[in-house]
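The values are calculated or read from the model by the stated rules, or taken from the named source; none is laboratory data. Computed from a prediction, not measured in an experiment: that's the story for all the values here. Don't worry about glycine lacking a Cβ; one is built from the backbone with ideal geometry, like all the others, and counts go over all protein chains shown. Just so you know, the surface numbers come from the protein's heavy atoms only, side chains and all, with ligands and any DNA or RNA stripped out. Shrake-Rupley method; radii C 1.70, N 1.55, O 1.52, S 1.80 Å.
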Amino acid sequence: RLSLIPLVTDVETYVPQAECDVCGGEGCPACEVSLTLSAEGPGTVYSRDLISSDPKIQPADPNIPIVELKKGQKLVLEAIAHMGYGRDSVKWQAGVACGYKNVPVITIENCDACGHCAAECPKGIIRFEESGAKVSSEDVLKCSLCKLCEQVCDIHAINVGFDENAFVFTMESDGSYTAKDLALNAADVIKGKAEELLSILDQF
Ligand code: SF4
Ligand code: SF4
Ligand SMILES: [Zn+2]
């Protein structure tokens, strides 16, 4: 349970232990952080009770329950955290959810401004103006492609399609680092693998 508590990770300062040139993988301040905990029951021990040797490395969420202590029970521990790769263990997987969809494309022509589509849209992205229905270029990204708007339009004025070559990615991080950094790091890994493949192909 302790090892699954996400820690805010400073990828600029620390290196994965197996790749640490300073200690050769033995463990040192360049590749590990100590977190201590001392608590006494009765009460619940939370992630916020961990004291980190590096103020920058803290639990991403302070309210993760660790254990319930009864009256008279004590808990004293030191945990050593080090960086690793998600492919090696789930405890290093910073991405908790990831999905994508094609970029929606909505066209509205010859609209008679009845407003039915705007009332039906579960995402509330169709604005109903006097001149007719409108969806802004920003809001169109929120469209779920459910096509309910098409179904309620008697005169087929609204059409919902998608761009086959453009995608909206949604990523959720566990808080170890931001979703943006998660996406950029993942792209770097893919880029590195592509370069490796190219260099192998160059040998033929
Ligand atoms: S397809 Fe669904 S989400 Fe998209 S605009 Fe129409 S009703 Fe709204
Ligand atoms: S349902 Fe059709 S006609 Fe009515 S506002 Fe929407 S697009 Fe226009
Ligand atoms: Zn080290």
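Quick look at the numbers
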| item | result |
| --- | --- |
| Long pairs among Lys91/Lys142; Lys123/Lys180; Lys123/Lys147; Lys101/Lys180, criterion Cα-Cα beyond 20 Å | Lys91/Lys142; Lys123/Lys180 |
| Sparse-neighbourhood loop sites, trypsin sites (Lys or Arg not before Pro) in the stretch 1-101 - DSSP loop, at most 15 other Cβ within 10 angstrom | Arg1, Lys56, Lys70, Lys71, Arg87 |
| Average accessible area per residue (Å²) across the stretch 83-173 - probe 1.4 Å, nucleic acids and ligands excluded | 67 |
| Rg/Rg_globular for the stretch 2-93, with Rg_globular taken as 2.2 N^0.38 Å and Rg from C-alpha atoms | 1.17 |
| Protein accessible area in the stretch 2-93, 1.4 Å probe - carbon and sulfur % | 52 |
| Cα-based helix-to-principal-axis angle, 179-201 vs the chain, degrees rounded to 10 | 90 |
| Semi-axis lengths (Å, descending) of the ellipsoid that matches the C-alpha gyration tensor of the chain | 48, 28, 11 |
| Histogram of C-alpha separations across the stretch 84-193, 5 Å bin width, % | 2, 11, 17, 17, 12, 9, 9, 8, 7, 5, 2, 0 |
| Sequence-distant aspartates and glutamates (8 or more away, or on other chains) whose Cα lies within less than 20 Å of Lys56 | Asp10, Glu12, Glu32, Glu78, Asp174, Asp181 |
| The stretch 97-168 - percent of accessible surface contributed by carbon and sulfur, probe 1.4 Å | 50 |
